[in-house]
Every structure is written in C-alpha cells, then in structure tokens.
Amino acid sequence: MVFSALVTRKPTEGTISNSVEALDDSMLPPGNVLVAIEWAGLNYKDALCLSGLGNLVKAYPHVGGVDFAGRVVESSDARYHPGQGVVLTGWRVGEARWGGLAQRARVDADWLVPLPKRFSTRTSMILGTAGLAAMLAINRLQAEGSKAGDGEVLVTGAGGGVGSIAVLLLARLGYKVAALTGRPHLGDRLSRLGASRIVSREEVLAPSGRVLDKETWSAAIDNVGGPLLGEVLKKVRYGGAVAAVGNATGRNWDASVIPFILRNISLLGIDTVMQPFAARQAAWDRLTMLFTPATYEPLVSEARLADLPGMAETMLNGGIAGRVIVNPRELPT
C-alpha cells in the first residue's frame, strides 16, 4: 500500500533535506507488526534528526519519529491483532530505524504497549515519550522515598514537554512544585498546571562559590543538564534525590562529591529508550489515573508532516512550549 512519510535525506556532499513523499509498504524495515499511525509526537530528538544534528541517524534516506500511536493493520504476533490500538516509544525507533513521522510503520511487537483503555491515540501522544519520562522520573523519586509532604520539588525546563507534564503529575499527587523556566511568559500556564511558584533560571544559576548551598528542594526532576544540574545538586535537602532526564543545555557540569557525601543525596538516571515492558506498562497505567488532558490542552500544538522541518528549528531554539503532536493523515491540499 502507498502511504505518505516525511523523508529525511542527506547527500554525501550536501545539506540535509526533508520532504513529504509517497512510499510503499515494501520499503518499510522488517518487523512482525504493521501499524497505521494516527498520531505521532515531535520530540527534541526528532528535531535533531530532522536538522542533521546529534549524530543519531546512521543511514539515509530516513523516516524519523521516536514515538507514535495507531492501529494494528497486520500482526504475526499473538499479542496484537488487527484494529488494536498500540503505542510505541523508544527502542531507537526514529533514530536507528524508521519511525513514526509517517502514515504507516512496521516494528517489532516487543517494542509496543497496548493503547491504555482510558486514552485515545491522540491523548497517548500528548503524553508520548515526554509523559513516559515524567512518570518514570516520579516513580523513581518515590521509590527513593520522596513524599508529597517533604517540601518543594523542583522541575527544571518546566516549559518543555517532559517538564510541563511533570509539573501537572506532581501537583496531582499533592506535591508543592517549583517550576523553573527560562521563559517567564509561561509562568501563568505552569501555574494553571499546578506549579506553586515559578523559579527563574538566573535565580538557580547565580554562583555562590560554595560546594553546598542552602537546602531548598526535597527533590528535583532535571530536564536541562549542564551547569544548572550542578547548581541544583548543591541545593537539594538531606536525603533527597534528583532525577536526570535530559541534557538540553549540555552534558557536562562542574561537580563535587560533597553534596552526595554530606547530604546523602542521590542522582538518578532516567532512560525511556530501553525500559522493559513491565516498567513501561506500569508507567502508562499510572498515567491513566493521573493525567488530565483538558488541563494540559492549552500546551498542545497540532502539526502536519510538512510543518515539521520548520517546527524542528523552532524547537531547537527554545521556541516551543509543551507538546507538539503530529497528524500524519492530514496532508497539504
């Protein structure tokens, strides 16, 4: 069957290009489940791939898209049947192999989870990789002993997908949330999601010259990395933990072992790519209980495949808040 996809090409000598093209099922990579995609997401990794950055794509032509939701067309795996709703995040789909920025995808059944019963495919992609990451981070913090009554939890990069969803989920769980953003104009939106106060990036980055600062937050979810993470670690209360989810501003920071030793804090790495099925399923099940789509809707932008190259550039420049969801069925007339 012929379908449309956003195809990324990069000549040996030349610049990267993206265009919506007609492809055939025979061109899809091998796999035991064929999915008709109803919604996909535009994530930071997708923006990197569409821009030829990050060294994520190893072969061209390429179809990006690290997450999608849709309906099974064909399956040789007994766990999935035609018409069933499914969700995919991670497993290097959209990076090492073709992904969800298309009307169809062929994947391995082991990479899928059933569409949560309380969610539409659209709602599942409002969450997507970002929602999964936020839920996994909260689950890890709570496994480390974090409780709602312990004090404020800081969320950095709160204007992005992971950060904004984390703010909503933490507030729903009864936590006091300090939302850090470099975009002050998003303050009202974050407050409506449940943030108890808005923190400026400059407030946290102001250098003190000390290896330990005043104990401020009981825990943190960091989506930014770089020097900001180093400053956050200095300010976490005794016995607290920081869940590291992203590295939008850098991979490295000046670190000291002192906060870990003298304050007994933990730094937790959160991966969404290779999480086993049980952890994914548990996170999605919990999301169905906590996520309120109507509350988050003001931070949702819809896009078509043809819109994505321009939106990718905007995203990399910090110009997009919340989540971008993609309807591959809507094509230019």
Cα→Cβ-extended label distance, 7 Å offset, between residue 122 and residue 197, nm: 3.8 nm
Cα→Cβ-extended label distance, 7 Å offset, between residue 301 and residue 172, nm: 2.4 nm
Could you calculate the contour length gain from residue 313 to residue 260, that is, 0.36 nm times the residue separation minus the distance between their Cα atoms, to one decimal place in nm? 15.3 nm
Ranking of 125, 311, 274 by count of other Cβ atoms within 10 Å, fewest first: 274, 311, 125
Using the count of nearby Cβ atoms within 10 Å as a rough guide to exposure, how do 330, 38 rank from fewest to most? 330, 38
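Which order do the peptides 183-189, 313-319 take when ranked by the mean count of other beta-carbon atoms within 10 Å per residue, highest first?
183-189, 313-319
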Residue order, fewest to most surrounding Cβ atoms within 10 angstrom, among 156, 123, 249: 249, 123, 156
Excluding residues fewer than 8 places away in the same chain, name every one of the lysines whose C-alpha is closer than 22 Å to that of residue 176. 147, 214, 234, 235
Could you estimate the translational diffusion coefficient of the chain from the Stokes-Einstein equation, with Rh from the Kirkwood formula over C-alpha pairs, at 20 °C and 1.002 mPa s, in whole µm²/s? 105 µm²/s
Can you tell me which aspartates and glutamates have their Cα less than 20 Å from the Cα of residue 10? Leave out same-chain residues fewer than eight positions away. 21, 46, 95, 307, 313
Between helix 121-143 and the chain, what is the angle of the helix's C-alpha long axis to the longest principal axis, kept within 0 to 90° and rounded to the nearest 10? 30 degrees
P(r) for the range 129-269: what percent of alpha-carbon pairs falls in each 5 Å bin, starting at zero? 2, 11, 23, 25, 23, 12, 4, 0
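Just so you know, all these numbers are worked out from the coordinates, no wet-lab data involved. Being a predicted model, the structure only gives us computed values, none of them experimental. Don't worry about glycine lacking a Cβ; one is built from the backbone with ideal geometry, like all the others, and counts go over all protein chains shown.
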